[in-house]
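Here is the structure we will look at, set down as structure tokens.
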Amino acid sequence: MKKILVACAAFFMLGATAAQSLPAPTIAARSWLLLDASSNQVLAAQDPDQRIEPASLTKIMTAYLAFSAVREKRLDMNQTINVSVNAWKVDGDSSKMFIEPNSAVRVNDLLYGLIVQSGNDAAVALAEAVAGTEAAFADLMNREAQRMGMKNTRFANPHGLPHPNNYSTARDLSILAAHLITDFPEFYKIYSTKNFTYNRITQPNRNRLLWLDPTVDGMKTGHTQAAGYCLIASAKRASGNHERRLISVVLGTDSDSVRSQESQKLLNWGFLNFDSFKIYSKEQAVLTPTVWKGSQNEIKLGFDHDVYVSLPRGSSAKLKPVVERTDPLVAPIAQYSRVGTLKMMADGKVVNEIPLQALEQVNQATIIGRGLDSIRLLFQR
């Protein structure tokens with residue numbers, strides 16, 4: 001297999017240049033990151049791979065797995081869960097939704113209690129409903145983190161209370177947040193809920209930006225003594241003929257008000273200084289290379305989603321798309337399987353990298369066809 005680089009014919013003249021040329025803002029936090037979810041580009045960051053205690057940000061993964069269970073019909077939003085003593089007695093000094101032991105609570109209420117009230121008791125109840133035990137649920141959390149590419153994360157429990165094997169990074173948490181927003185848009189709206197009442201106790205969402213910025217529609221706060229005050233926030237604002245979503249991850253600030261202030265500063269900086277541009281449409285063929293030993297001779301390569309690139313405002317650059325892939329492409333090839341990488345270049349620097357996919361399925365050819373292509377391939381080397 002040889003790796004080949006293909007410079008696509010298209011050039012994109014845009015009013016922007018490489019993201020790295022803009023100075024990053026000063027954020028009063030131990031580590032932080034700003035992600036443009038439309039292009040999946042990190043716009044700015046400080047110590048994004050520093051290991052931190054995620055505190056209640058852990059609950060984003062707990063919610064993700066609960067949403068998966070609902071979608072797969074292993075749980076139902078109106079299903080009632082019998083609360084265990086284990087869930088009820090979770091650290092009494094920590095945040096809770098105040099469920100009672102041996103009571104029946106709807107999954108819907110547990111999810112609101114988890115997300116809005118940051119209930120550690122709700123986290124345990126959902127973990128036991130999905131996996132049977134907290135330990136088994138933690139295994140699912142780690143398996144999912146690995147699938148998402150969260151390379152520096154380990155989960156030990158569903159709520160984020162201190163544990164030596166519960167850690168993450170700003171980069172990994174941005175990956176998790178983006179996955180939840182993209183994969184479960186129908187459930188993500190829970191994160192915009194400002195108040196929730198359970199057991200005649202009303203508690204506000206701890207994400208202050210829901211009151212301060214109408215474009216913010218989630219996500220999650222976290223705090224322990226070791227973690228400091230943390231906030232992942234997401235906002236969506238108009239940009240030309242589409243909407244952009246930014247996700248800020250701010251970790252280890254000194255107070256509740258500071259985490260809100262610094263998150264707001266970071267989001268405003270990103271929206272003010274960057275634009276995102278659509279460069280390819282979903283299902284648009286970028287290349288049509290030869291496929292070997294297949295039921296057809298060519299295959300269309302592209303993306304299963306619209307592709308955007310984020311670049312700073314106020315300057316100019318010529319974007320050059322370069323495809324990196326292995327050759328030859330040999331059938332069978334599954335639809336949407338990854339076959340290479342598209343690199344967007346500006347001024348000789350990589351601005352963004354996007355996985356290149358097969359837009360169609362190519363089955364194997366007949367025995368005779370495969371044999372003939374095997375002979376032809378001998379002369380391609």
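The values are calculated or read from the model by the stated rules, or taken from the named source; none is laboratory data. All values reported here derive from a predicted model rather than from experimental measurement. Please note: Cβ atoms are built from the backbone with ideal geometry, for glycine as well, and neighbour counts cover all protein chains shown.
What number goes with the only condition from (1) over 29 Å from Ala238 (Cα atoms); (2) at pLDDT 90 or above that Phe303 does not pass?
Single failed check for Phe303: (1).
If a residue has to be farther than 19 Å from His179 by Cβ, in a strand (DSSP E or B) and hydrophobic (A, V, I, L, M, F, W, C) to count, how many in segment 223-249 make the cut?
Of the residues in segment 223-249, 1 are farther than 19 Å from His179 by Cβ, in a strand (DSSP E or B) and hydrophobic (A, V, I, L, M, F, W, C).
From the list Ile60, Ile4, exactly one residue is modelled with pLDDT under 95, outside any loop (DSSP other than H, G, I, E, B), β-branched (Val, Ile, Thr) and within 30 Å of Leu356 (Cα to Cα). Which is it?
Ile4 is the lone residue from the list that is modelled with pLDDT under 95, outside any loop (DSSP other than H, G, I, E, B), β-branched (Val, Ile, Thr) and within 30 Å of Leu356 (Cα to Cα).
Only residues that are outside any loop (DSSP other than H, G, I, E, B) and either more than 20 Å from Ala55 (Cβ to Cβ) or not small (Gly, Ala, Ser) (or both): list them for segment 81-105, please.
Matches in segment 81-105: Ile81, Asn82, Val85, Asn86, Trp88, Ala104, Val105.
Can you go through Leu161, Leu180 and tell me which one is assigned by TED's automatic domain parsing to the domain that holds Thr62 and buried (at least 21 other Cβ atoms within 10 Å of the Cβ)? Working first, answer last.
On the way: Leu161 fails: buried (at least 21 other Cβ atoms within 10 Å of the Cβ).
Exactly one residue qualifies, and that residue is Leu180.
For the structure I just gave you, tell me whether Asn78 is in a loop (DSSP other than H, G, I, E, B), more than 25 Å from Arg147 (Cα to Cα) and either modelled with pLDDT under 95 or not aliphatic (A, V, I, L, M) (or both).
yes
Which residues, taken from segment 106-156, are within 24 Å of Arg51 (Cα to Cα), touching a Ser or Thr at 6+ places or on another chain (Cβ under 7 Å) and β-branched (Val, Ile, Thr)?
The one that is within 24 Å of Arg51 (Cα to Cα), touching a Ser or Thr at 6+ places or on another chain (Cβ under 7 Å) and β-branched (Val, Ile, Thr): Thr153.
For Val258, are the conditions met, namely being surrounded by fewer than 19 Cβ atoms within 10 Å (Cβ to Cβ) and in contact (Cβ under 8 Å) with a residue 60 or more places away in the chain?
Numbers: surrounded by fewer than 19 Cβ atoms within 10 Å (Cβ to Cβ): yes; in contact (Cβ under 8 Å) with a residue 60 or more places away in the chain: yes.
Yes: the conditions hold for Val258.
Scan segment 188-222 for residues that are assigned to a strand (DSSP E or B) and surrounded by fewer than 22 Cβ atoms within 10 Å (Cβ to Cβ) and report the count.
Total meeting the criteria: 9.
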